[in-house]
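Q: My questions all concern the structure below.
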Amino acid sequence: MVEMVTRPYASAFESYAVQHPEVLALSADLTSSVEIDGFRDRHPDQFLSMGMAEQNMLSFAGGLGLAGFRPFIHTFGVFLYRRPYDQLMASVAYPRRKVRLMGFLPGITTPGGMTHQAIEDISVMRTIPNMTVLETGDATEVEGIVEAADSIDGPVYCRVLRGSVPRLFDSPFRLGEIRVLSEGTDVLVITAGITTEEAIRARGALDKAGVSVRHLHLSTLKPFDAEAIVAHAASVTHGVITLENHLVAGGIGSMTAEALAEAGLGKKLIRLGLQDTYAHGGSRPYLMNYYGLDAIALVRGIERLMGIETGIDEGALEAVRVDAVHSSVKAEAL
Amino acid sequence: MAGDLPLRNDKSTEEVALGIRRRVFEHTIRNNGGYLSQACSAAEQLAFLYNEALHLGEPTMPMIPPPFGGVPSADNPGYVTGAGYNGPFEPQYDRLFIAPAHYALVAYATLIETGRMAPEGLEMFNKDGSSVEMIGAEHSPGMEVHNGTLGIGLSTGAGLAWGRRRNGDAGDVCVFMSDGEVQEGQTWEAVQAAAHHGIDNLWAIMDVNRQQCDGAMDDVMRVGDIRQKFIDFGAACIEIDGHDLEAMRQAKAEKHEGKPLIILAYTSPTQGMPILERRFPRLHYVRFKSEDERAEYNQAIAAELGIAPIDYSH
């Protein structure tokens, strides 16, 4: 079975922050929900409770940055940019403050419905000049994102997974590095965050069906390595599929489309993800299936791209899950 | 250049305030428009801040402002803000944020009057390629952060003040505010946060001229008893006549341990230029409707300020 890690962010943040006194934890009344309640209790001098007041929190963090501190703002991703967008722009992004925006519950990883689901955060954040955008796809990346984010000379937005998180990778988070999880030749599959595990699930069945998949996992979304994406896309026969826990507009699908178009590479592209729709509240597996973000959606997308029938059904995916996840730990070192 | 600066008390604060009104008036007549009423209401406050209240070092920037040097980016390592006009960013010195960035013209005039910028700087106002922008940008002289959207200044000041206190800096953080900002919820978020965290190296002086872009504040959005609101949100708050420098000095001396101090400076948007009362309540940006009107205001205000009318014909 895949190893499940409990609250990897909590321990990673604490062990890093205690070594760096200029790192501060800011929280807006969601302290236990973003796993820094233990840090608050053990290190109150490095913790600032900002209350339910995100506009002030963003500008205040800009002031802390001006004073030489590196505030980590912890809240749900949506609350970092929807209400306080003006403050994010003027107080954080424009002056390149070293503010680390730790956005929990990315996409449909929350049953909280529209108000809690950050489904357009990547599209918003990547268009902001000076902003870096990172996303975590497993426990290893969650453990590594604190130090990776804090190494950036400017503001950074991170999609962070909380709670029980699978460990898919055994090599650490490296800024700007694309993880090549398989090196097939038929189709290029690009995933990030929680959709990577789905693609890994699908890959075993696809292998058995004779479909050769080249699979990339992205953890640095901006800057986007367009050159590498284009090279991978050029190396496959049938085209490219992106699968993202986000609207297809403005996210990884859009970034890939821009890269292919600018390079003049005429490959078909299918963008899987939320299709110009809000989501509603529900469990993660239910929502991923309902909105077509899961392994079976990827299989159907590949069939459409290649014009084939693989014969793969949900049962086949369940059967290969354990093996596939195991193999991924090794596969990522390819 | 810095060594040739006049000492900050070479001029009395009253003289600096008069000089601010004269410069902004001259600029407004020459350019057939300007933020003139803000000079009327805020001249004493900005003169007080720069001439006596703030502990500022000598400017680190050239007296004649450099042209626009690009926005902050990883590709622009030479980027600097306008903070250097307020002196070096060192622990012992105070910092000043001009929260209503449309007061920039008045702030630039103050820099000139206090020997921190050459008069040529005002000639660059709102010219393409200049850093002396109409709405003060982060890179404009005397501006330390972007404040063009109203309501963000006090929050940023509170964050900076918290950090400076943690660093053990002796310098305070001062925010010059406008009363329209109390319509923004963020102002109240900032006050409650500063009070909650006991941030008392932070103070603000607010130009309560009861004017905003659409006109008189009471017609646009009534804000009630803002002194009581500031106190209820946890600040120390004092009301003064914003043209009375002695009252300003006393208010600044007020003890405010464990909380920020907000000085509400009640002002007239036509102070020193009573002919502007004719335009009430349309005072946010003074633009003349005709050459006759421009000439009439030129004559009248020049007389009120004790100078010759401005020759703008060339």
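What follows draws every value from the coordinates through simple rules; no lab data is involved. No experiment lies behind these values; they were computed from the predicted model shown. Positions of Cβ are backbone-derived with ideal geometry, glycine not excepted, and every protein chain shown enters the neighbour counts.
Q: Mind checking the mean number of beta-carbon atoms from other chains within 10 Å of the Cβ atoms in A:22-32? Mind dumping the intermediate values first?
A: Numbers: counts 3, 0, 3, 0, 1, 0, 0, 0, 0, 0, 0.
What the average comes to for A:22-32 is 1.
Q: Just to verify a number: FRET efficiency for B:SER313 and A:LYS222, C-beta to C-beta distance, R0 = 60 Å, to 0.05? Working shown, then result.
A: On the way: r = 54 Å, r/R0 = 0.91.
After rounding to 0.05, the efficiency reads 0.65.
Q: Name the trypsin sites (Lys or Arg not before Pro) in the stretch A:195-235 that are in a loop by DSSP and that have at most 13 other C-beta atoms within 10 Å, would you?
A: Details: sites: A:ARG201, A:ARG203, A:LYS208, A:ARG214; in loops: none.
Sites meeting the loop and neighbour criteria: none at all.
Q: Would you give the gap between the C-alpha center of the stretch B:52-74 and the C-alpha center of the stretch A:147-211, rounded to a whole Å?
A: 45
Q: Which whole number gives the average count of other chain Cβ atoms within 10 Å of the Cβ atoms across peptide B:159-169? Mind showing how you got there, number by number?
A: Details: counts 19, 9, 4, 7, 11, 5, 1, 9, 4, 0, 1.
Rounded to a whole number, the mean comes out at 6.
Q: Along the Cα→Cβ direction, 7 angstrom out, place labels at A:VAL18 and A:GLU318. What is the inter-label distance in nm?
A: Calculated label separation equals 4.4 nm.
Q: Taking θ = phi - 60°, what integer Hz values does the Karplus form 6.51 cos²θ - 1.76 cosθ + 1.60 yield along the stretch B:182-194, in sequence order, with x for Gly and Pro?
A: For the stretch B:182-194, the Karplus curve yields 6, 6, 7, x, 4, 4, 6, 4, 5, 5, 5, 5, 5 Hz.
Q: Let me ask another. For the stretch A:57-62, in order, what is each residue's ³J(HN,Hα) by Karplus, 6.51 cos²θ - 1.76 cosθ + 1.60 with θ = phi - 60°, in whole Hz (x at glycine and Pro)?
A: Values, residue by residue: 4, 5, 5, 4, 4, x Hz.
Q: What residue among B:ARG116, B:ARG23, B:ARG279 has the largest mean-square fluctuation in a Gaussian network model of chain B, using Cα springs under 10 Å?
A: Of the options given, B:ARG279 has the highest mean-square fluctuation.
Q: Using the number of other C-beta atoms within 10 angstrom as an exposure proxy, rank B:THR187, B:THR270, A:THR140 with the fewest first.
A: Values: B:THR187 29, B:THR270 21, A:THR140 24.
So the residues, fewest neighbours to most, are B:THR270, A:THR140, B:THR187.
Q: Which cross-chain or sequence-distant (5 or more) residues have an amide H under 5 Å from the amide H of A:GLU244, H modelled 1.01 Å from N in plane?
A: Under 5 Å from the amide H of A:GLU244: A:LEU272, A:GLY273.
Q: If you count, for every residue in A:126-135, the Cβ atoms of partner chains within 10 Å of its Cβ, what is the mean?
A: Numbers: counts 0, 0, 0, 4, 4, 0, 1, 0, 0, 0.
Neighbouring Cβ atoms belonging to other protein chains average 1 per residue here.
Q: Could the peptides B:12-19, A:106-113, A:14-21 be put in order, highest first, of the mean number of other beta-carbon atoms found within 10 Å of their residues? Write out the running numbers ahead of the final one.
A: Values: B:12-19: 19.2, A:106-113: 21.8, A:14-21: 14.8.
The packing order, highest mean first, is A:106-113, B:12-19, A:14-21.
Q: For B:GLU144, what is the net charge nearby, where nearby means another residue's Cβ is under 9 Å from its Cβ and Lys, Arg count +1, Asp, Glu -1?
A: Values: positive: B:ARG95; negative: B:GLU138.
Result for the neighbourhood of B:GLU144: 0.
Q: For the stretch B:1-131, what does the relative contact order come out to in percent, with C-alpha contacts under 8 Å and a separation of six or more? Let's see the in-between values first.
A: Numbers: 161 pairs, mean separation 43.5, N = 131.
That works out to 33 percent.
Q: Residues with beta-carbon under 14 Å from that of A:ASP37, excluding A:ASP37: net charge, scoring Lys, Arg +1 and Asp, Glu -1? Walk me through the intermediate numbers first.
A: Values: positive: A:ARG7, A:ARG40, A:ARG42, A:ARG162; negative: A:GLU14, A:ASP29, A:GLU35, A:ASP41.
With Lys, Arg at +1 and Asp, Glu at -1, the net is 0.
Q: Apply the Karplus curve 6.51 cos²θ - 1.76 cosθ + 1.60, θ = phi - 60°, to the phi angles in the stretch A:147-152 and return the couplings in whole Hz, x for Gly and Pro.
A: 5, 4, 5, 6, 7, 8
Q: Taking the Cα centre as origin and putting +1 on Lys and Arg beta-carbons and -1 on Asp and Glu beta-carbons, what dipole magnitude results for the protein assembly as shown, to the nearest 20 debye?
A: Values: 55 positive and 84 negative charges, 149 e Å.
Taking the Cα centre of the protein assembly as shown as origin, the dipole is about 720 debye.
Q: What FRET efficiency comes out for the pair A:SER212/B:ASN76, r = Cβ-Cβ distance, R0 = 41 Å, nearest 0.05? Let's see the in-between values first.
A: Working: r = 45 Å, r/R0 = 1.11.
Between A:SER212 and B:ASN76 the formula returns 0.35.
Q: What order do you get for A:276-282, A:148-154, A:58-64 when each peptide is scored by the mean count of other beta carbon atoms within 10 Å, highest first?
A: On the way: A:276-282: 13.3, A:148-154: 17.3, A:58-64: 32.3.
Peptide ranking by packing, descending: A:58-64, A:148-154, A:276-282.
Q: If you don't mind, there's one more thing I want to ask. What pairs from A:LYS98/A:LYS268; B:LYS229/B:LYS255; B:LYS11/B:LYS259; A:LYS98/B:LYS252 go past 29 Å between their alpha carbons? Can you show the working numbers first?
A: Numbers: A:LYS98/A:LYS268 39 Å; B:LYS229/B:LYS255 19 Å; B:LYS11/B:LYS259 33 Å; A:LYS98/B:LYS252 33 Å.
Checking Cα-Cα distances, A:LYS98/A:LYS268; B:LYS11/B:LYS259; A:LYS98/B:LYS252 exceed 29 Å.
Q: Then there is this: Quote the charge dipole size of chain B about the Cα centre in Debye, to the nearest 20; the model charges only the Cβ of Lys and Arg (+1) and of Asp and Glu (-1). Don't skip to the end; give the middle numbers.
A: Working: 26 positive and 44 negative charges, 47 e Å.
The calculated dipole for chain B is roughly 220 debye.
Q: Whole number please: convex hull volume per residue of the Cα set in the protein assembly as shown, in Å³?
A: 168
Q: Please give the Cα centre distance for the stretch B:209-240 versus the stretch A:1-65, rounded to the nearest Å.
A: 35
Q: How high is the relative contact order of the stretch A:179-331, in percent, counting Cα pairs under 8 Å that sit 6 or more residues apart? Show your work: numbers first, answer last.
A: On the way: 260 pairs, mean separation 44.2, N = 153.
Relative contact order for the stretch A:179-331 comes out at 29 percent.
Q: Based on the Cβ-Cβ distance of B:MET134 and A:GLU3, what FRET efficiency does E = 1/(1 + (r/R0)^6) give at R0 = 51 Å, to the nearest 0.05? Intermediate results must be reported in sequence, preceding the final value.
A: On the way: r = 59 Å, r/R0 = 1.16.
With a Förster radius of 51 Å, E is 0.30.
Q: Could I have the simple spin-label model distance between B:GLU123 and B:HIS55, label points 7 Å from Cα toward Cβ, reported in nm to one decimal?
A: Result: 3.8 nm between the two label points.
Q: From zero up to wherever the largest Cα-Cα distance of the stretch A:157-215 sits, split into 5 Å bins and tell me the percent of pairs in each.
A: 4, 15, 25, 24, 16, 10, 5, 1
Q: If you place +1 on the Cβ of every Lys and Arg and -1 on the Cβ of every Asp and Glu, how big does the dipole about the Cα centre of chain A come out, in debye to the nearest 20?
A: That gives a dipole near 400 debye.
Q: Right, another one. When only Cα pairs under 8 Å and 6 or more residues apart are kept, what is the percent relative contact order across chain A? Show your work: numbers first, answer last.
A: Working: 731 pairs, mean separation 58.9, N = 334.
Once divided by the residue count of chain A, the mean separation gives 18 percent.
Q: Computed over the Cα atoms of the stretch A:4-166, what is the ratio Rg over Rh, Rh following Kirkwood? Show your work: numbers first, answer last.
A: Values: Rg = 14.1 Å, Rh = 15.3 Å.
Here the Rg-to-Rh quotient is 0.92.
Q: What does the charge add up to near A:VAL160, with Lys and Arg as +1, Asp and Glu as -1, over the other residues with Cβ less than 10 Å from its Cβ? Show your work: numbers first, answer last.
A: Values: positive: A:ARG159, A:ARG162; negative: A:GLU35, A:GLU135, A:GLU141.
Here the count lands on -1.
Q: Which order do peptides B:136-142, A:267-273, A:22-28, A:301-307 fall in by mean Cβ count within 10 Å, highest first?
A: Values: B:136-142: 25.6, A:267-273: 20.0, A:22-28: 21.7, A:301-307: 17.1.
Ranked by mean Cβ neighbours within 10 Å, highest first: B:136-142, A:22-28, A:267-273, A:301-307.
Q: Fewest Cβ neighbours within 10 Å first, please rank B:TYR35, A:TYR157, B:TYR79, B:TYR93 accordingly.
A: Working: B:TYR35 23, A:TYR157 31, B:TYR79 15, B:TYR93 18.
Going from least to most buried by this count: B:TYR79, B:TYR93, B:TYR35, A:TYR157.
Q: Select from the stretch B:172-261 those trypsin sites (Lys or Arg not before Pro) which occupy a DSSP coil region and have at most 16 other Cβ atoms within 10 Å, ordered by residue number. Write out the running numbers ahead of the final one.
A: Values: sites: B:ARG210, B:ARG222, B:ARG227, B:LYS229, B:ARG249, B:LYS252, B:LYS255; in loops: B:ARG210, B:ARG222, B:LYS255.
Hits after loop and neighbour filter: B:ARG222, B:LYS255.
Q: With each label point set 7 Å from Cα along the Cα-Cβ vector, what nm distance links B:HIS196 and A:ALA257?
A: 4.1
Q: B:GLU239's amide H: which non-local residues (gap 5+, or another chain) put their own amide H closer than 5 Å, with H modeled 1.01 Å from N in plane and none for Pro or chain starts?
A: When sequence neighbours closer than 5 places are left aside, the close amide H contacts are B:LEU264.
Q: State the Kirkwood hydrodynamic radius of chain A in Å, one decimal place, computed from all pairs of distinct Cα atoms.
A: Numbers: mean 1/r = 0.0500 Å⁻¹.
Final number for the Kirkwood radius of chain A is 20.0 Å.
Q: On a straight-distance basis, which lysines could pair with A:LYS267 in a cross-link, Cα separation under 24 angstrom, same-chain partners fewer than 8 positions away excluded?
A: Output for A:LYS267: A:LYS222.
Q: Here's a follow-up. For A:PHE76, what residues show an amide H to amide H distance below 5 Å, using hydrogens built from the backbone and excluding near sequence neighbours?
A: Residues meeting the criterion, in which the H sits 1.01 Å from N, are A:PHE104.
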